[in-house]
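> Pasting in a structure now, in structure tokens, and then I'll have a few things to ask.
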Amino acid sequence: MAVLNFPRTEHPSKAYGYKGSCEEREGRSCVRYKCGLPCNTIQDVLHQRPNWIEVKDDGEWDFNWCDVGWLRENFDHTYMEEHVRINHFRNHYELTRKNLMVKNLKRYQKQLERKVGRIEASNCDFFPCTFALPSEYHLFVEEFNRSPGSTWIMKPVGKSQGKGIFLFRKLKDIIEWKKDGSRSEEQKDGVQVKSYVAQRYIENPYLINGRKFDLRVYVLVTSYVPLKAWLYRDGFARFSGTRFSLSSIDDKYMHLTNVSVQKTAPDYDHEKGCKWQMQQLRRYLTAKHGREVVETLFKEMDNIFVRSLQSVQKVIINDKHCFEVYGYDILLDQNLKPWLIEVNASPSHTPSCQEDYEMKCRLLEDTLNVVDMEGRLTGKEKRVGGYDLMWNDGPVYREDANLQTFGSSGFTANTHLGCVNDREKQLRQLLKPFPCQRKA
């Protein structure tokens, strides 16, 4: 497969007079970073960050952008000084493994119903009926038999990029799959998948030009106690390359929107790709349904982000050294109801086209701006670049918001998903040189 090599672009930080101030913190003149990912996007962003120097192998580091495998093997054995930052929480999998995410959401929903009531608990009705198998197999069978003929989707809990996923309508498909760990060619990784989820398939997805799509949204968490979460303005819709129909449930190009799946299609266009930027989608929906309907939709997505994070707030091991960028996958049905499909701890930063590369560079650059290794921020900012502070131990409201318009059932917060991302202007105002630099 051809490797996409996109030209490196000068990052905004260089135009903003952005200079590291590490020398003002504990005498360091630079940020020493380590990156264990081969992806050229994050490597480019880190490489072009002023006064950041890469360290190899066992060299001491201040900042580590690692994969979850490195975290699992090394985190508990690594001493980290006060200033050090790493890009995952220790047990991120409580949110990002499909079975644990649903387990935590179900528990949280029951707690809300017991403490506050059914109406409040109904605000968590945003994930499809899901069962962890094999542990909940009998419960699944009971539910399956209540609606014969309905479509379900099977997903290995520990895999990504659409690997091992298939749709089914008969229980015998499950039995055959359990016997054969390599039901699909994609599953031949040498180890049979033992844990998976069976999820009711959304049979009425919202279609554009007859095609199914889902949304990839980025949420940055810098603390769980107290919960502090940022929502990025950019994101994208990922489209399937085949017109949707329930008459064929074996066509992965029709039902799975993952880029890693779609790009293997014979007619896939590598230049055009299969994505819309979030701003394009929001404009399309607004033109078709009106501003009020679309604002309600995006409020409901805000609710998904906050509730899902609250559902794991007491089980995630909070650590001041940790932050995490989550990739949320959201599916819209034909009634414009958003459904949470899954949350990714390592959302792909591999670009599918030049536009995608530039968007992901902005995302990663702004992630570093929020994490603020250089000590440029006051800690009171509601916006940093393309990130808007969505939750800070409570909802964060827009400066011009009328507080009386906010109901207790929703989270109309300081969010601008799919809106104009004028980050360059905002960063120029925010990231001003330090007094000592101005004197110099």
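Values in this text are rule-based calculations from the coordinates and carry no lab data. None of these values were measured; they are calculated from a predicted model. Ideal geometry is used to build each Cβ from the backbone, glycine not excepted, and the neighbour counts take in all protein chains shown.
> With Cβ to Cβ distances under 14 Å as the rule, what net charge do the other residues near Ser308 carry (K, R +1; D, E -1)?
Here the count lands on 0.
> Could you tell me the extents of the stretch 19-126's C-alpha atoms along the three principal axes, largest first, rounded to whole Å?
55, 29, 28
> Next question. What do you get for trypsin sites (Lys or Arg not before Pro) in the stretch 112-146 restricted to DSSP loop and a cutoff of at most 15 other Cβ within 10 Å of the site's Cβ?
none
> Another one. Go through Leu332, Ile316, Pro351 and say which Cα lies farthest out towards the positive end of the charge dipole of the stretch 309-358; charges sit on Cβ, +1 for Lys and Arg, -1 for Asp and Glu.
Positive-most Cα among the choices belongs to Ile316.
> Same structure, new question: Sorted from largest to smallest, which semi-axis lengths in Å does the alpha carbon gyration tensor of the stretch 296-339 give for its equivalent ellipsoid, taking the root of 5 times each eigenvalue?
Ellipsoid semi-axes (Å, largest first): 26, 10, 8.
> Something else about it: Full extension from Asp319 to Asn335: what is 0.36 nm times the residue separation minus their Cα-Cα distance, to one decimal in nm?
On the way: separation 16, 0.36 × 16 = 5.76 nm, distance 3.98 nm.
Here the answer is 1.8 nm.
> Mind giving me the FRET efficiency for Asp58 and Leu377? R0 is 22 Å, r the Cβ-Cβ distance, nearest 0.05 is fine.
Once rounded, the FRET efficiency stands at 0.10.
> Quick one: which of 65-77, 40-52 comes out on top by average Cβ neighbours within 10 Å, and what's the full order, highest first?
On the way: 65-77: 15.2, 40-52: 19.3.
The packing order, highest mean first, is 40-52, 65-77.
> How many angstrom lie between the Cα centre of the stretch 344-360 and the Cα centre of the stretch 104-130?
What the calculation gives is 33 Å, centre to centre.
> Shifting gears a bit: I want to check the label-to-label distance for Thr296 and Gln280. Put each point 7 Å from Cα in the C-beta direction and report it in nm to one decimal.
Inter-label distance under the simple model: 2.8 nm.
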